[in-house]
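Comments concern the structure below.
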Amino acid sequence: MTKDNYLSAHIRVVTTPADSQMFLDVPARVYADDPYWVPPLRSDIAKQFAPTNPFFQYGKLQQFIALDKEAKKSSGSRADCCSG
């Protein structure tokens, strides 16, 4: 197998509004071919990551996106940390 056959992705921290939108788009991309998937309201998901969420009174969260070589397709992840 050659090096070109492996998936190559660039992982970056979500820092811009465009990155946030791309992060919120990930589930729709993952489940695009699932006829039984019912997407949640985008505003409800955005509220989970908003600074007003009570989680942020005691915890920290960092979102990441992984982009393919052309920076078109993305996947997302997050890291949560709680103090206390």
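When you scan region 29-49, how many residues do you find that are surrounded by 10 or more Cβ atoms within 10 Å (Cβ to Cβ), part of a loop (DSSP other than H, G, I, E, B) and of a type in the set (Gly, Ala, Ser)?
The qualifying residues number 0.
Would you mention how many residues in region 29-57 are over 22 Å from Leu67 (Cβ atoms), among the aromatic types (Phe, Trp, Tyr) and touching a Leu at 6+ places or on another chain (Cβ under 9 Å)?
Step one: filter region 29-57 for residues over 22 Å from Leu67 (Cβ atoms), giving 34-38, 40-41, 43-44, 47-48, 50-57.
If we keep only those that are among the aromatic types (Phe, Trp, Tyr) as well, we get 36-37, 55-56.
Applying the additional criterion that residues be touching a Leu at 6+ places or on another chain (Cβ under 9 Å) yields 55.
Matching residues across region 29-57 total 1.
Out of all the residues in region 50-61, which are of a type in the set (S, T, N, Q) and part of a helix (DSSP H, G or I)?
Taking region 50-61 as the starting set, the residues that turn out to be of a type in the set (S, T, N, Q) are 52-53, 57.
Within region 50-61, Gln57 is the sole residue that qualifies.
Read the figures in this text as sums done on the coordinates, not as results from a lab. These figures come from a predicted structure and were not determined experimentally. Glycine also receives a Cβ, built like all others from the backbone with ideal geometry; neighbour counts cover every protein chain displayed.
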